[in-house]
Amino acid sequence: MGKRSAVTLDYRSLSDFRYEIRRFLNFSEQAARVAGVEPQQHQALLAIKGLPPHRVATVGTLSERLQIRHHSAVELIDRLEAKRLIRRSRAASDRRAVVITLTVRGGKLLRDLTRQHHTELEKASRKLLHALISVMKNEDSAHCFRGTSSRDTQRIKEKAQIASRHPKKGNPSRGKVRKRKDS
């Protein structure tokens, strides 16, 4: 038989990468359910807490971050509020806007889940990085990412290779959950 084409190899590496991502997501979904919330509820808590400091959690923001429709975000917020994991309040600057914040209970649940996720990522990081590097090694596929120059692609590859050799290097939290300053 002849030499395998770059396209075939790209399918395989992309498939392997998606498989490793799916394995992590499966872990995440199971951990959320064990903690008493649905995976999408966990993702909502994470999206709220993980917003950049200049962003405020609103229904629209949550809808955008979770890639769901506005009415689905409202239903999700209703369920989180019923579990006393979030609180809604009116924005001081615009009384029409509803601001969403985590309750103490929601913060604790998210902290516990985040710790579990960091531990799992430490275990899975080598396989995830190896799969990512395999995808990025194929120059044809790397240039398919719009706006990514070959120099950017090379930098991404180098960082991923360094991280795969030294999984804890460059990680200031070393598995710890950093507290975010709320304004």
Restricting region 84-105 to residues that are touching a helix residue (DSSP H, G or I) at 6+ places or on another chain (Cβ under 6 Å) and over 17 Å from THR61 (Cα atoms), the residue that is surrounded by the most Cβ atoms within 10 Å (Cβ to Cβ):
LEU85
Residues in region 70-77: is at least one under 13 Å from LEU110 (Cα atoms), aliphatic (A, V, I, L, M) and out of contact with any Asp or Glu (no Cβ under 7 Å at 6 or more places or on another chain)?
no
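Yes/no matrix, rows are residues, columns are (1) surrounded by fewer than 16 Cβ atoms within 10 Å (Cβ to Cβ); (2) modelled with pLDDT of 95 or more:
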{"residue": "LYS3", "(1), (2)": "yes, no"}
{"residue": "VAL7", "(1), (2)": "yes, no"}
{"residue": "ASP10", "(1), (2)": "no, no"}
{"residue": "LEU14", "(1), (2)": "yes, no"}
{"residue": "ARG22", "(1), (2)": "yes, yes"}
Using the structure shown, decide if GLY60 is assigned to a helix (DSSP H, G or I), touching a residue at least 40 places away in the same chain (Cβ under 8 Å) and not hydroxyl-bearing (Ser, Thr, Tyr).
no
Can you find a residue that is farther than 14 Å from GLN41 by Cα, touching an Asp or Glu at 6+ places or on another chain (Cβ under 6 Å) and either at pLDDT below 90 or assigned to a helix (DSSP H, G or I) (or both) anywhere in region 109-120?
no
Is it true that some residue in region 85-92 is part of a loop (DSSP other than H, G, I, E, B), hydroxyl-bearing (Ser, Thr, Tyr) and farther than 12 Å from ALA44 by Cα?
no
Residue among ILE77, ILE21, ILE86, ILE48 that is among the β-branched types (Val, Ile, Thr) and closer than 30 Å to MET136 by Cβ
ILE21
Any residue at all in region 93-107 that is assigned to a loop (DSSP other than H, G, I, E, B), in contact with a strand residue (DSSP E or B) (Cβ under 8 Å, 6 or more places away or on another chain), at pLDDT 95 or above and within 24 Å of GLY50 (Cα to Cα)?
yes
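The values are calculated or read from the model by the stated rules, or taken from the named source; none is laboratory data. None of these values were measured; they are calculated from a predicted model. Glycine gets a Cβ as well: all are built from the backbone with ideal geometry, and neighbour counts include every protein chain shown.
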